[in-house]
Amino acid sequence: MQSFPPENAPQQPPLMRAGSLLGAGTIAAVLASVPAALRIASESRGAAGAWIGLAACLTVPASVGVALLRGAREGMRAFATKEASLAAWSIACWTLASFLALTVLGALLRATTHHHGLAGVTFAIVGLALLFSIALTVRRVAAIARGADPFARAAILGASLVALVMAALLVLLRVAGAPGGAALPGSSSDLLVDALAFLIAVGISSRPELLRLPALGRAGIPLALGVVALGAALLSRDPSLAAGIRAHAPLLSPLVGLADDTPAEPSPPPGSSSAD
């Protein structure tokens with residue numbers, strides 16, 4: 001599961017390197033803005049305008065995220081061995097699987113047990129047993145992957161990690177939209193979804209294979225500038241689009257003001273009336 005470039009990999013020229021980072025950041029911004037664009041589509045002229053406006057707001061933050069992840073990958077090249085990859089996979093899978101198991105256990109106890117003390121003791125005992133069982137399972141899968149050929153090892157580790165990430169995302173969405181006191185407000189749910197989409201998109205776009213593409217290095221700067229310019233134009237000409245982003249994409253609300261020059265209407269002072 002070697003995901004880092006070898007030591008003797010040729011370095012790109014600075015302009016191509018900047019183009020690949022901006023191009024990958026633009027791709028990440030386009031991917032990360034899909035959930036928010038679907039929410040805002042009914043509030044503006046259409047999904048396309050919302051998508052471009054959101055992508056314009058996210059292009060710079062996503063490019064910075066791609067650059068940081070690329071630097072982290074290059075800094076960890078010395079640790080990029082098969083054992084290190086297996087260790088990182090084991091930690092990630094154990095954390096995700098433990099989160100899923102404890103979340104399901106807590107929901108089950110909350111729905112079936114009315115005695116808080118008994119539920120707490122049961123959660124502690126069963127939770128420890130689940131954590132230990134998950135650790136044994138992850139260790140066994142890692143041992144199987146260690147003895148497999150590179151393609152099978154990448155398939156086993158990649159498929160299991162993607163499945164756990166998707167399951168964790170579904171659980172978070174379910175918790176965010178669940179009825180009852182534990183449900184998250186609408187704005188918090190949107191914030192959680194957009195943050196997860198941003199992290200996943202930046203992680204995918206920071207892959208070395210994508211960043212080393214010559215076409216991305218040549219087209220990255222024009223692509224980023226075009227998306228930002230078009231999105232800024234849409235936001236400045238369509239107040240409903242900027243209002244929709246502020247209402248339905250709280251993660252991007254601070255960035256909308258950079259492109260939307262429509263001043264907010266000042267609120268009247270307390271105690272004043274229209275007759276004054």
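The values are calculated or read from the model by the stated rules, or taken from the named source; none is laboratory data. The structure displayed is predicted, hence computed values, not measured ones. Positions of Cβ are backbone-derived with ideal geometry, glycine not excepted, and every protein chain shown enters the neighbour counts.
Just one of the listed residues (225, 230) is outside any loop (DSSP other than H, G, I, E, B), out of contact with any Gly (no Cβ under 7 Å at 6 or more places or on another chain), surrounded by fewer than 15 Cβ atoms within 10 Å (Cβ to Cβ) and at pLDDT 70 or above, and it is 225.
Among the residues of segment 22-42, the ones that are among the polar types (S, T, N, Q) and under 13 Å from residue 61 (Cβ atoms) come to 2 in all. Take the conditions (1) in contact with a Phe, Trp or Tyr (Cβ under 9 Å, 6 or more places away or on another chain); (2) within 30 Å of residue 23 (Cα to Cα); (3) modelled with pLDDT of 80 or more; residue 77 misses just one of them, which is (3). Remark: pairs (first residue in segment 89-115, closer than 22 Å to residue 139 by Cα and at pLDDT 80 or above; second residue surrounded by fewer than 17 Cβ atoms within 10 Å (Cβ to Cβ) and charged (D, E, K, R); Cβ separation under 8 Å; 6+ apart in sequence or on different chains) = 90/139.
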